[in-house]
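The values are calculated or read from the model by the stated rules, or taken from the named source; none is laboratory data. Remember, predicted model here, so these are calculated numbers, not experimental data. Here the Cβ positions follow ideal geometry from the backbone for every residue, glycine too, while neighbour counts run over all protein chains shown.
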Amino acid sequence: MRSSRPVLITLGLAVFGLILQATLFRRFTWLVPDLVVLVVILATLSLRAEVALVIGFLAGALFDVSLASSVLGLRALVYTVVAYLAVRTRQRADSGPLAVGIWAGLLSLVSVALVVVVGVLFGQSAELGDAMLRRFIEVPITNAVCAALLAIPVTRLLQSGGRRA
Amino acid sequence: MPTFVTLVVAAFLLMTVDVRLAGGSVTSNIRSAALSVLAPLQNLAAIVVDPVADLGEALTGLATLRAENQALLAEVARLQAEQAGAQDLQARVEVLEQINDLEILDPDVAQTPANVIGRPDPFGPTFVIDKGTDDGVAVGHPVVDPNGYVVGKVVETAPGFAIVIPITQDREAVTVLVDGQVGSLVSHVGSDELTLEVFDAIEALQAGDLVVTSSVSVTFPQGLPVGEVTADVDLEGTAISAPVRLFAQTDTLRIVVVITWPPEPGTPESAVETTTTAVIPGTSGGDTTTTGGG
């Protein structure tokens, strides 16, 4: 039977990221990561493809229910797609922290774009607000930097969780 | 691949159900349950994070403190002069209220101060407060900032927590009073600007005209300051459309006050609302909805 510990650790990290984003990073308007999608992206480096997709769906659904203004399932869909793209391209992130940063930044950009496009299709016109351009620039850049810094610790944490179990 | 397709289909189903039910009881219960789990953790994190963030902000602001101090001293002097004038105005307002038998906000109306403990999406409109149904907070209750300026209303509640949406992002317009004329304050979702629409206008509006909630508003008690008109606007037939700046700084709020409104039937406040509603002529009797859904 396969270990469920890395899955639980990843979901724990997603909840931690969501809480950190809602508390610490709301105080810094110049530092706006999307930590939940970052956890999803980094988790694909250690988890099996199917598990990573489920993690993407659950983490996105978690984010959706914490936002009263968002349609339920929007981020579940987007993070599942991002997890799929991450799984398909994860070999490109093998060459070091810089590569991981660029890879995660690009996937975060895809995530932001999908949230806007699918959100608008489902009546979330708030996604087209004044902050849309900032969202397109700041989230990918911040996520790229965070990914470069966090990729190794997160990967080790998930792999050690798998071994211990 | 089958897993991917299954999850994408599941997500689309979730979205469709949520949109079709338009925030029905099922999705509302799910959100409420999630909020009950997440909000205590957010509250705990806020207790740890806020002092650290305050310290960080204070350290980064040291260089500008001297200039800021001088500016504040000048501001204090100016405000003291203004206060003297305001006291005179307040006395006149009290006399006028007595004459017209009006009450701006009954002091007996329950007001619940709450801390803003989270904003899950930094670009999103909603924020979480640390008071909920256990404290008497209910969906639809108006929310103001510590100065009494209108912020928004409660859209989701859990036993110890609630989610608030600012009026700048709310699809429901607010019925307001400006310069003796009743109008609707319409938001542009995704933007912080508001537009005042007056359809039975009798005179032009000037920049700086005060916008307050009207007695015919269902969502807000009358007389709460909302914002000010930011440009001179002339009459177009009998209609006026004017830009309005919100007084409350919804992005940087740390503390808000939730007002128990409408008051429970049978209380003196409900009698006040009923009485004053009949006084304002030419109104339809409630907040208007500009777009469906939401």
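Could you tell me whether any residue of region B:44-51 is over 17 Å from A:Gln21 (Cβ atoms) and modelled with pLDDT of 80 or more?
Step one: filter region B:44-51 for residues over 17 Å from A:Gln21 (Cβ atoms), giving B:51.
Narrowing further to those that are modelled with pLDDT of 80 or more: B:51.
Yes - at least one qualifying residue is present in region B:44-51.
Which members of region B:145-186 meet the condition of being without any contact (Cβ under 8 Å) to a residue 40 or more places away in the chain and within 14 Å of chain A (Cβ to nearest Cβ)?
Once the filter is applied, which keeps residues that are without any contact (Cβ under 8 Å) to a residue 40 or more places away in the chain and within 14 Å of chain A (Cβ to nearest Cβ), region B:145-186 yields only B:Val155.
Determine, yes or no, whether A:Ser66 is touching a residue at least 24 places away in the same chain (Cβ under 8 Å), closer than 25 Å to B:Asp192 by Cβ and at the interface with chain B (Cβ under 9 Å from one of its Cβ atoms). Step through it out loud before you land on a result.
Details: touching a residue at least 24 places away in the same chain (Cβ under 8 Å): yes; closer than 25 Å to B:Asp192 by Cβ: yes; at the interface with chain B (Cβ under 9 Å from one of its Cβ atoms): yes.
For A:Ser66, the condition - touching a residue at least 24 places away in the same chain (Cβ under 8 Å), closer than 25 Å to B:Asp192 by Cβ and at the interface with chain B (Cβ under 9 Å from one of its Cβ atoms) - is met.
For B:Glu172, state whether it is within 24 Å of B:Trp261 (Cα to Cα) and under 18 Å from the mean Cα position of the chain (by Cα).
Details: within 24 Å of B:Trp261 (Cα to Cα): yes; under 18 Å from the mean Cα position of the chain (by Cα): yes.
Spelling it out, B:Glu172 is indeed within 24 Å of B:Trp261 (Cα to Cα) and under 18 Å from the mean Cα position of the chain (by Cα).
Hey, among the residues in region B:235-252 that are modelled with pLDDT under 85 and not polar (S, T, N, Q), which one's nearest to the chain's Cα centre (by Cα)?
So, considering only residues that are modelled with pLDDT under 85 and not polar (S, T, N, Q), the one nearest to the chain's Cα centre (by Cα) is B:Asp251.
One line per residue, one yes/no per condition, for (1) in contact with a strand residue (DSSP E or B) (Cβ under 7 Å, 6 or more places away or on another chain); (2) assigned to a helix (DSSP H, G or I); (3) surrounded by 17 or more Cβ atoms within 10 Å (Cβ to Cβ):
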{"site": "A:Thr10", "(1), (2), (3)": "no, yes, yes"}
{"site": "A:Phe16", "(1), (2), (3)": "no, yes, no"}
{"site": "A:Thr29", "(1), (2), (3)": "no, no, no"}
{"site": "A:Val36", "(1), (2), (3)": "no, yes, yes"}
{"site": "A:Val39", "(1), (2), (3)": "no, yes, yes"}
{"site": "A:Leu47", "(1), (2), (3)": "no, no, yes"}
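Can you name every residue in region B:25-46 that is more than 23 Å from the chain's Cα centre (by Cα) and either within 8 Å of another protein chain (Cβ to nearest Cβ) or loosely packed, with under 13 Cβ neighbours inside 10 Å (or both)?
B:Ser25, B:Val26, B:Thr27, B:Asn29, B:Ile30, B:Ala33, B:Ala34, B:Leu38, B:Leu41, B:Ala45, listed by residue number.
Assess whether B:Asp130 counts as being away from chain A (no Cβ under 13 Å) and not aliphatic (A, V, I, L, M).
Values: away from chain A (no Cβ under 13 Å): no; not aliphatic (A, V, I, L, M): yes.
Considered against the rule, which asks whether it is away from chain A (no Cβ under 13 Å) and not aliphatic (A, V, I, L, M), B:Asp130 comes out as no.
From A:Ala76, A:Ala104, grab the single residue that is within 9 Å of another protein chain (Cβ to nearest Cβ) and either over 11 Å from the mean Cα position of the chain (by Cα) or part of a helix (DSSP H, G or I) (or both). Give the steps one after another, and end with the answer.
Working: A:Ala104 fails: within 9 Å of another protein chain (Cβ to nearest Cβ).
None of the other options fit; the residue is A:Ala76.
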